[in-house]
Each structure stands twice: as C-alpha cells, then as structure tokens.
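All remarks here apply to the structure that follows.
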Amino acid sequence: MASILPASNKPMRSDQNTYVGKSFVHVKNPYLDAMDEDILYHLDLGTKTHNLPAMFGDVKFVCVGGSPNRMKAFALFMHQELRLPGSGEDIEDICAGTDRYCMYKVGPVLSISHGMGIPSMSIMLHELIKLLHHAQCCDVTIIRMGTSGGIGVAPGSVVITDTAVDSFFKPRFEQVILDNIVTRSTELDKELAEELFNCSREIPNFPTLIGHTMCTYDFYEGQGRLDGALCSFSREKKVDYLKRAYIAGVRNIEMESTVFAAMCRLCGLKAAVVCVTLLDRLECDQINLPHDILVEYQQRPQLLISNFIKQRLGLCDQTS
Ligand SMILES: O=P(O)(O)O[C@H]1O[C@H](CO)[C@@H](O)[C@H]1O
Ligand SMILES: O=c1cc[nH]c(=O)[nH]1
C-alpha cells in the first residue's frame, strides 16, 4: 500500500446514501459497515491506508476496458481533450502496487482495466463499486469501452449495447452464489445509450448502431469459432447459431457485458457498453486486421466516449 493516512484523515463511515437530490453508489452488503477497514486487495487500495474521498470524491465518469494499455491511452487522450495542464505523460497508475489491474485518474474521469472475461470483470467491479461508495462519489456514469466480434455488421462499426444477453440470447446474468444460481437482469440504461448514439452522429464517418450484445464465457468454443484448440461442431451449426443470434437482435459478441450490466444496475450506476467490432463473425473467425487498423478501430469507442464526456461537462465546442 502506497500512502498511510494520519488518524485525523480517516474517512467517515457511510451514511451517504441518505443525501438528498444526488445519486450515490449503493453497496448491498450489510456486513460492510461493520468492518473496521476495507482492503481493496486487487486495486492495492484501502480505507485505512488511503483517503478515498479525497482521492476519488470528484469522479463522475468511470471508463473500463479489458487492456491496460488501452486504458492508459484513454487516460492520456482525456488529459489532452480536457485540456488539463501538463503533457499527462507522467500520469501515474494508481494501482501500480498490483499487476492485476491498472487505474488512472484524469480530472473527473477514472480509467480502469478489467482484464478478460466475467470473473476478472466481476472482481474489479466489486472493488471499484466499494471504492466509489467509500469515496462518497455521486452521479457517476460508467462505460465499458471494448472490442468485439460483429454479427452481420461491417468491421469497424461501433455497437452501443441496449441489452446484454447470454449465450441463449436471454437478458440475464447467472451468478453461482454458494450452491445456488442467482439470476440478475442485464438491462442497461436506455437513455444513456441514446445519448451516446446521438453523440456518435456528430462524428463524421463513424458507423454506429444500437443493438444487443452477447456475452460469452469463452472466445473460441463459447463464441462458435472453428479455429480454437477444440471444436466439436460443424461450420453449418456455427452459422446457424450466429444467424439465430442476429435474428434475436444480437449485433456483437464479447465477454464481460452481462456481469457489468447486472452489477452496475444493482448498485445504482448508470452504465453503458460501447464496443467496436473487429470482424464479421458470419464471414470469418480470425482477427487478421493490420496493426494500424486494429489500433484505429480501438480508438473509436474512446473518441465517442471522450466527446460524450466533453458534452456532459459543457466542453463540446472544444474540438481535438
Ligand atoms: O477488448 P476487451 O475490452 O478486452 O473485450 C473483448 O476482447 C477480449 C477478447 O479478445 C474479451 O475481453 C472481450 O470482451
Ligand atoms: O470476436 C471477438 C473479438 C473481440 N472480442 C471478442 O470477445 N470476440
């Protein structure tokens, strides 16, 4: 742990959900308030070692994505877009004491990596949501910016998710808790999705659509790929499955959106998922884009989200 607080700086215990007119982050765990200290182990932060309200109390936008490099690049981009002083090159990884996740703060924007897959996202979200709660953050918008495989859409398209669905095209996330399966809704904030879509229309040559996003537990067999180490189904079965997904409204496939939608919804966070498609899965399985195109595609959600944040902050006349 990096910083040790003097006793007088100990963060207040939480009665913050009772403030009027502001939307605070809810934690739904009766045991938390009774804990003398909360160590956010995978973020290398804690309530006794860090003054979380001072460090994070002004956060209004949380942006998450799988890759640490992408989230650092996004933080540097936001530093430039928000016209903050300095080059930003010396920006520090707040979670440098752990190599599980990275985290950067740029004004009111927090940029965090979550790794690949539901378990990695879920662990990060438990600790992030507690962090926002301990920091007494209010009116926070959270957006996942990712990559995905498209279904029936041109590579490079940006899909804004209206509903995250599971591999059966159902709007649910099933969490195993003890030896029970608990089913949670994966609806996302429709108004936020619309706001992002409207923002995308102001960016020239920026193919964007709203649709369902399918979240799977695996990149290969779980997404019907024929190019994994294991494959027990035919090309016809693959195409039939993806076409049925398309008919059910699915426009892209990735690996975190259901748990992200479910947890954010339960904790009162307005959440969105914005993913660029790297290929059309009806056409192929391998991602064989040249590096520069891959980099440019990954920047598309970043550009959209940066414009959205600037618009929310009243800085929309600033162009990059
Ligand atoms: O680009 P990110 O955010 O990592 O998301 C997608 O890419 C990974 C697979 O390559 C999965 O995590 C999937 O959800
Ligand atoms: O096909 C793809 C591409 C990116 N991420 C996924 O999960 N699937």
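What are the aspartates and glutamates whose alpha-carbon lies under 17 Å from the alpha-carbon of LYS237, with same-chain residues fewer than 8 places away excluded?
Reachable aspartates and glutamates: GLU221, ASP227, ASP280, GLU283, ASP285.
Once you list every other residue whose beta carbon is under 13 Å from the beta carbon of ARG184, what net charge do they have if Lys and Arg are +1 and Asp and Glu are -1?
+1
Please arrange ARG70, ARG83 by counting, for each residue, the other beta carbons lying within 10 Å of its beta carbon, fewest first.
Taking fewest neighbouring Cβ atoms as first place, the list is ARG83, ARG70.
Tell me, how many Å apart are the Cα centres for the stretch 167-206 and for the stretch 278-315?
What the calculation gives is 18 Å, centre to centre.
Kindly provide the helix-only [θ] at 222 nm of the chain, computed as the sum of -39,500 (n - 2.57) over DSSP H runs of four or more divided by all residues, to the nearest 500 deg cm²/dmol?
Value at 222 nm, helices only: -9000 deg cm²/dmol.
Would you order ILE177, ILE160, ILE203 from fewest to most other beta-carbon atoms within 10 Å of each residue's own beta-carbon?
Ascending Cβ contact count within 10 Å gives the list ILE177, ILE203, ILE160.
If a/c stays under 1.5 just call it rounded; otherwise compare a/b with b/c (prolate if a/b is bigger, oblate if not). Do that for the chain, with a ≥ b ≥ c from the square roots of the Cα gyration tensor eigenvalues.
prolate
Grab the other residues whose beta carbon is less than 11 angstrom from that of GLY117, score K and R as +1, D and E as -1, and report the net.
-3
Determine the percent antiparallel among the DSSP beta bridges restricted to the chain, to the nearest 5.
Roughly 40 percent of the beta bridges in the chain run antiparallel, per DSSP.
Give the angle, between 0 and 90 degrees and rounded to the nearest 10, that separates the Cα long axis of helix 235-247 from the longest principal axis of the Cα atoms of the chain.
Taking the Cα atoms of the chain, the angle to 235-247 is about 60 degrees.
For the chain, find the longest principal axis of its Cα atoms and tell me its angle to the long axis of helix 118-134, 0 to 90°, nearest 10.
Tilt relative to the chain: about 30 degrees.
How charged is the neighbourhood of MET71? Take every other residue with its Cβ under 12 Å from the Cβ of MET71, and add Lys/Arg as +1 and Asp/Glu as -1.
With Lys, Arg at +1 and Asp, Glu at -1, the neighbours total +3.
Using the alpha-carbon atoms, what tilt in degrees (0 to 90, nearest 10) does helix 257-266 show relative to the longest principal axis of the chain?
40
Kindly count the pairs of lysines across the stretch 19-117 whose alpha carbons are less than 25 Å apart, treating pairs on different chains or eight or more residues apart as eligible.
Number of lysine pairs found: 9.
Values in this text are rule-based calculations from the coordinates and carry no lab data. All values reported here derive from a predicted model rather than from experimental measurement. A quick note on method: Cβ atoms are made from the backbone with ideal geometry, for glycine too, and the neighbour counts reach across all protein chains shown.
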